[in-house]
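Beneath this line is the structure, given in structure tokens, with notes to follow.
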Amino acid sequence: MVILDAQSVIMGVPVIAADLGLSPVEAQWILSGNLLTFGGLLLLGGRAADLLGRRRVFMLGTALFLLVSILSALAAAAPLLLAARALHGVSAALMAPTAMAILTDTFPEGRARNRALATWSAIAAVGATTGLLLGGALLDKLGWQSLFYVNVPVAIVMLVLSPVLLRESRDASASRTFDVAGAVLGTAASRSSAWARSSWCWPA
């Protein structure tokens, strides 16, 4: 779901930029804002899942993913869309490491876990390819807002099924500390570096 969203939005950037009047530098932040918060908060998301409960954090990330997908689709101005895309990265940083932790906790080490990881990898590859194909079709038929609306029914199904299919788990032996400052500073530093590169590549 995370990979499909990222890939489909790539197809929509030129159309979104034209519709909302974004410059080339501003338009790239539709993707970069999402990637920066995702990468910067990934470890913090995994840590939160280990301490607070993996199913709980997974469902929290999915609920946020649902909300920001709707906000992205309804965005009528560039600042709102860019903020929503940054929040998309936060939701993905909660979902992705938590889903992997749930998978490894559910399947015992050995053949069962190897098969589960292979299936996980195959789904990721399918999501990357499908995202590009689906993004093009949705843009052609329904407009760029549909790139975000398509996430809504999937997220709802995941929220409904998670309490039924997933058991709660956490790392009871871990110390209950979060390096929030490190995650925020790391993300901010990445953002500054990316902004400097974009300014160099797109001179005024």
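The values are calculated or read from the model by the stated rules, or taken from the named source; none is laboratory data. Quantities reported herein were computed from a predicted structural model and do not represent experimental measurements. Note: ideal-geometry Cβ built from the backbone for every residue, glycine included; neighbour counts use all protein chains shown. Just so you know, the surface numbers come from the protein's heavy atoms only, side chains and all, with ligands and any DNA or RNA stripped out. Shrake-Rupley method; radii C 1.70, N 1.55, O 1.52, S 1.80 Å.
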Near the amide H of GLN145, under 5 Å away, which other amide H atoms are found, from residues 5 or more places off or on another chain, if H is placed in the peptide plane?
none
Semi-axes of region 9-133's equivalent ellipsoid from the Cα gyration tensor, sqrt of 5 times each eigenvalue, largest first, rounded to whole Å?
31, 17, 11
Determine the gain in length on full extension of the stretch GLU168-ASP19; use 0.36 nm per residue of separation and subtract their C-alpha separation, reporting nm with one decimal.
49.3 nm
Charge context of PHE107, other residues only, Cβ under 11 angstrom, K/R +1, D/E -1:
+1
Taking a ≥ b ≥ c as the square roots of the Cα gyration tensor eigenvalues, with a/c under 1.5 meaning rounded and otherwise prolate when a/b beats b/c, else oblate, which class fits region 76-155?
oblate
Can you tell me how much longer the chain between ALA124 and LEU52 gets when fully stretched, taken as 0.36 nm per residue apart minus their C-alpha distance, in nm with one decimal?
23.3 nm
Counting heavy atoms of the protein chains only and a 1.4 Å probe, report the per residue accessible area for region 1-121 as a whole number of Å².
44 Å²
